[in-house]
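In what follows, a single structure is set out as structure tokens and then discussed.
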Amino acid sequence: MADPDQVVRFVRSRRRWITDKVDTAARLAPDYPVKALVDGAEFDLLGRRYRLQLVAAPPADTGQLPAATADRILYVRAEPPGQVRRAIIDWYREVGLAWVKREGRPYELDGRIEGLRYEVRDLGRRHWGLYRRMPQHITALHWAVFGLPVHLVEYVLVHEQAHATRPGGRSHGSAWQRRMNLWMPEWRQRQTELAEVGRHCWLGDHQEHAGRQPAAQ
């Protein structure tokens, strides 16, 4: 057991460091929104904001639900909140997967990455992206990351693509950092911004009983 006097001396000697750490932890504490899935609720996707509209059937010229229009309306079938949530997440996943396949390709070519696959899925509350090593060889992004500003989505993609080049040494060691510096010289600034902006990102939390049920159209 530590001597109480030693503990007191240690705390006093590190008071500023401890205060800074506590302040940083408080400043970066998660503050994820909880959404009411009703008409007019707003959702960000790749730099665009869409307003939710619950409907009984797809409006003309929109095709299958969910559907997003050029005037930034997101049409989703009027169902219980849990099913509306799932439909919205599926929309994020579909659009996000198309984006990551397109935007990830130049890094595959430049980094001589062969046989890479992509996934967009729920990665929990600790990861925006993951690279799964051989034999999986998968770059996976959290569906929720596509609700962040595009330059931060790009950072997450590049971060994982740098891993996919399978650099030697530690996971975030010098070889990985060289690749990041080559592909995204300002990656550290984006990493810092992600820590702040990401704590306000919608991760799917919703009100199970929204005060009013929107009228179906």
- Could you rank Met134, Met184 by how accessible they are, 1.4 Å probe, largest area first? Met134, Met184
- Item | Heavy-atom accessible area ranking, 1.4 Å probe, most first, across Leu97, Leu123 | Leu97, Leu123
- Item | Alpha-carbon Debye profile of segment 41-200, log10 I(q)/I(0) at 0.13, 0.15 Å⁻¹ | -0.66, -0.83
- Under 10 Å from the Cβ of Phe43, count the other residues' Cβ atoms, weight Lys and Arg +1, Asp and Glu -1, and hand me the total. +3
- With each label point set 7 Å from Cα along the Cα-Cβ vector, what nm distance links Arg102 and Arg133? 3.4
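The values are calculated or read from the model by the stated rules, or taken from the named source; none is laboratory data. For clarity, every value in this text was computed on a predicted model and none was experimentally measured. All Cβ positions, glycine included, derive from the backbone under ideal geometry; neighbour counts span all protein chains shown. Ligands, DNA and RNA are excluded from the accessible area calculation, which covers all protein heavy atoms including side chains. Shrake-Rupley method; radii C 1.70, N 1.55, O 1.52, S 1.80 Å.
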